[in-house]
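What follows is one structure encoded as structure tokens, with my remarks underneath.
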Amino acid sequence: MAQILVYLEHNNGQIKKTSLELLTAAKKSGLDFCAAALGKGAKELASTASAYGAKELLTSTADVFNTYNSEAYTQWFGQVIKAKKPQILLATANLTGKDLFPRVAGRVNGGVATDCTSLELSASSVKVRRPVYSAKASVEVEFQNCDVKIILMRPNALEIKNETSAASPATVSEVALEPIDLKTIVKDVVKGASSKVDLTEASIIVSGGRGMKGPENFKLLEDLASVLGASVGASRAVVDAGWVGHDMQVGQTGKTVSPNLYIACGISGAIQHLAGMSSSKVIVAINKDKDAPIFQKATYGIVGDALEILPLLTEEFKKLLH
Amino acid sequence: MNILVCLKQVPDTETKIKINSTLAAIESSGIKWVMNPYDEFAVEEALKLRDKLSDGSKVLVYTLGPKARAVEVLRTALAMGADDAVLIDAPENLDPNSVAKALSVALKKESDVGVVFTGKQAIDDDCSQVSQLLAEFLGFRHATVVIKCELGSDKNHFLVEREVEGGSKEIIQIQKPAVIGAQKGLNTPRYASLPGIMKAKKKEIKEIPLSSLGVSDTDKKINFKNFQLPPERPQAKIFEGDVAANSVQLVKLLREEAKVI
Ligand SMILES: Cc1cc2nc3c(=O)[nH]c(=O)nc-3n(C[C@H](O)[C@H](O)[C@H](O)COP(=O)(O)OP(=O)(O)OC[C@H]3O[C@@H](n4cnc5c(N)ncnc54)[C@H](O)[C@@H]3O)c2cc1C
């Protein structure tokens with residue numbers, strides 16, 4: 001029995017950065033914990049999990065886990081939670097995590113706090129905060145009447161401490177999925193146009209609005225993004241105009257992002273846009289109107305033409321980083 | 001079949017949030033209440049499916065909330081074209097588990113339910129939980145963040161497209177009955193027509209008291225406390241004038257002061 005179960009995500013055995021954030025928090029808590037990982041390559045996470053002090057890595061590498069399937073994943077987590085009885089489950093508040101864990105909670109009498117932005121874990125207490133009302137306020141979440149407290153952390157909310165050598169290796173335990181008649185079948189996964197990190201997990205985002213003047217100028221954002229290793233986002237105005245796909249929209253009816261750096265280019269800063277990015281650590285605004293509301297949320301701003309400024313920034317960052 | 005939609009009334013996106021003196025909720029006065037934006041997509045999808053089937057299928061909308069205001073969100077859905085509406089009269093701010101439990105008990109009494117549409121999240125508590133919990137309690141399949149939903153030709157499954165990480169899309173086949181959490185992009189919600197609005201005003205709305213659904217205090221799994229407004233951001237450093245010099249300056253500050261590069 002471990003006190004915490006940490007769900008680790010990976011691409012073919014390559015652990016995701018967000019999962020390192022969770023492992024760092026689990027280690028820091030001083031509590032006993034084990035980790036869980038699923039799908040092809042999951043076992044390769046054992047050494048990383050061990051380095052952070054996980055006692056055990058629970059896995060299944062059955063084919064059904066190679067892509068997310070809500071029924072199979074829910075059942076597997078239900079089995080693991082019933083067997084291991086963790087008091088706390090830590091996972092990432094991404095699209096998969098938010099689809100899966102509320103359902104798992106329903107199965108194992110859990111409580112869930114989604115999109116948490118702060119976490120204090122110790123033997124005596126669990127303290128989490130999360131935004132509400134589109135980040136116009138935040139609350140502390142108190143868990144009640146539940147057997148497991150499920151905490152879904154926003155990407156980039158927790159720091160990472162790199163750990164490489166393990167005191168003792170974690171045991172790798174295969175937990176086979178109990179027989180299930182799946183009524184959900186994943187037919188296909190259509191890869192997005194960009195191979196970049198998803199906006200919700202990106203640590204730097206370069207975002208464009210109507211002030212970019214036309215879809216052809218998004219190239220300027222791509223150029224800057226590729227120098228910074230950033231992902232590209234957009235306002236709803238340009239998504240609705242068909243310049244870019246909806247998966248790039250940041251805001252109330254798009255994605256909620258929390259990068260370390262958000263660069264808003266030609267975006268006015270409507271309340272619905274701010275709802276999706278105001279928890280970014282540093283916000284840079286580039287806008288030709290010095291009274292644009294985005295400047296009130298910004299850390300830094302340049303008043304001027306984004307089409308002129310973007311190439312200048314790209315050049316300057318190139319000098320710095322290459 | 002019956003096509004169900006679960007709706008929530010939420011403060012309008014422009015609402016200025018003030019925290020009340022107990023720190024346990026926001027100030028409820030002066031709020032303009034609207035249908036949760038994602039729920040508009042849910043209603044539209046239900047209406048589209050009904051019209052496409054045109055086999056006598058009906059769209060039935062449910063909401064849970066304080067009767068005095070929440071009834072309005074049902075009127076809006078009726079005005080858009082829903083056939084019938086049910087209100088579960090309940091106090092403010094029930095937690096997601098209690099809401100899902102209540103809805104599941106009520107929905108189990110409906111016959112021939114093929115699908116339940118919801119929004120992928122409500123923009124007040126932003127929990128993104130009720131849809132999945134409801135599916136679990138009903139024993140239905142579910143999919144959230146859905147941007148395309150089609151009933152298969154055998155009328156026994158849905159072919160659903162949902163957004164996943166990295167701008168990718170997952171195409172899944174789920175057997176009926178299912179709970180579908182709507183994302184923007186699923187469709188373009190219609191406006192209520194004038195005759196629709198007139199008709200909706202006269203329509204009788206069925207009411208169910210929460211107390212009849214067997215929800216108890218122990219169904220509450222999470223409680224919100226210590227509400228806070230976001231911390232004030234320090235005064236921004238805004239540069240005007242020579243854009244070339246300002247760009248150099250900005251890069252320097254991001255590196256040396258903000259330390260994010
Ligand atoms: C229910 C609801 C949900 C919504 N959800 C979202 C959402 O999720 N995300 C979202 O973004 N919006 C959302 N909106 C829309 C939002 O209200 C705004 O309309 C939208 O964000 C505006 O996009 P924009 O800033 O690109 O365009 P605009 O408001 O038109 O602003 C363009 C800005 O570019 C500046 N500009 C022009 N030319 C240049 C130039 N050459 N260089 C630099 N700057 C220039 C202008 O000064 C202006 O500030 C929602 C609205 C509603 C009602």
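The values are calculated or read from the model by the stated rules, or taken from the named source; none is laboratory data. Predicted, not measured: the structure shown is a model, and the values here were computed from it. Here Cβ is always computed from backbone atoms with ideal geometry, including for glycine, and neighbour counts include all displayed protein chains.
Worth a mention:
- Options A:186, A:206, A:227, A:190: the member that is touching a His at 6+ places or on another chain (Cβ under 9 Å), more than 9 Å from the ligand (Cβ to nearest atom) and either under 30 Å from residue B:39 (Cα atoms) or of a type in the set (A, V, I, L, M, F, W, C) (or both): A:227
Residue by residue, here is whether (1) aliphatic (A, V, I, L, M); (2) within 12 Å of another protein chain (Cβ to nearest Cβ) holds:
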{"residue": "A:120", "(1), (2)": "no, no"}
{"residue": "A:136", "(1), (2)": "no, yes"}
{"residue": "A:145", "(1), (2)": "no, yes"}
{"residue": "A:149", "(1), (2)": "no, yes"}
{"residue": "A:154", "(1), (2)": "no, yes"}
{"residue": "A:165", "(1), (2)": "no, no"}
{"residue": "A:176", "(1), (2)": "yes, no"}
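- Cβ-Cβ contacts under 8 Å between residues 6 or more apart (or on different chains), taken from a first residue in the stretch A:239-257 that is more than 10 Å from chain B (Cβ to nearest Cβ) to a second residue that is part of a loop (DSSP other than H, G, I, E, B) and of a type in the set (A, V, I, L, M, F, W, C), are listed as A:250/A:257; A:257/A:202.
- Residue list for the stretch A:233-269, filter: more than 10 Å from the ligand (Cβ to nearest atom), surrounded by 24 or more Cβ atoms within 10 Å (Cβ to Cβ) and under 21 Å from residue B:251 (Cα atoms): A:258, A:259, A:262, A:263
- Residue that is surrounded by the most Cβ atoms within 10 Å (Cβ to Cβ), among those in the stretch A:66-81 that are polar (S, T, N, Q) and within 10 Å of chain B (Cβ to nearest Cβ): A:74
- Some residue of the stretch A:297-304 being among the polar types (S, T, N, Q), facing another protein chain (nearest Cβ under 8 Å), touching a residue at least 12 places away in the same chain (Cβ under 8 Å) and part of a loop (DSSP other than H, G, I, E, B): yes
- Test: residue A:214 is within 16 Å of the ligand (Cβ to nearest atom) and buried (at least 19 other Cβ atoms within 10 Å of the Cβ): no
- Subset of the stretch B:232-261 [within 22 Å of residue A:292 (Cα to Cα) and assigned to a loop (DSSP other than H, G, I, E, B)]: B:232, B:233, B:234, B:235, B:236, B:240, B:241, B:242
- In the stretch B:158-211, the residue that is farthest from the other protein chains (Cβ to nearest Cβ) out of those that are within 16 Å of the ligand (Cβ to nearest atom) and polar (S, T, N, Q) is B:187.
- Count of residues meeting criterion [surrounded by fewer than 22 Cβ atoms within 10 Å (Cβ to Cβ) and either outside the structural domain of residue A:205 (by TED's automatic domain parsing) or more than 17 Å from the chain's Cα centre (by Cα) (or both)] in the stretch A:270-291: 8
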